[in-house]
Amino acid sequence: MRGTGLARSVKATRSNRWRRAAATLSELPADVLLDLPRITMLGTQEVHIENHHGLLHCARDRVRLRTSEGEVEVSGRRLRLALLLPEEVWIEGMIESVVMLSRPGGEGSGR
């Protein structure tokens, strides 16, 4: 059933447009209504990620999280989870990069 995936994709796009319009009209932050990840870096020593959907990988040099937009990968040295809550994580260490990896077939994935 190839059409089912396309119909689901069209429905999700329409739903997302509606949520964006609602966020604009209600003056609520888009990350709240759209379940978007909020990523805050504090220098090169700390990263706070809100609205994540789970920890995928955790090592001293890399942490990967699932989000509504795909995955977030934090790379560095001596990384550690300073705080892990159901929707928020604080990562400390020597942060070298933070990369947003789009989900397959999502916007910006090029697939």
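What follows draws every value from the coordinates through simple rules; no lab data is involved. For clarity, every value in this text was computed on a predicted model and none was experimentally measured.
See the values below:
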quantity: Derived scalar couplings ³J(HN,Hα) [segment 89-99; Karplus, 6.51 cos²θ - 1.76 cosθ + 1.60; whole Hz; x for Gly, Pro]; calculated: 9, 10, 10, 10, x, 8, 6, 9, 7, 10, 10
quantity: Gain upon complete extension [ARG60, GLN45; 0.36 nm per residue less C-alpha separation]; calculated: 4.0 nm
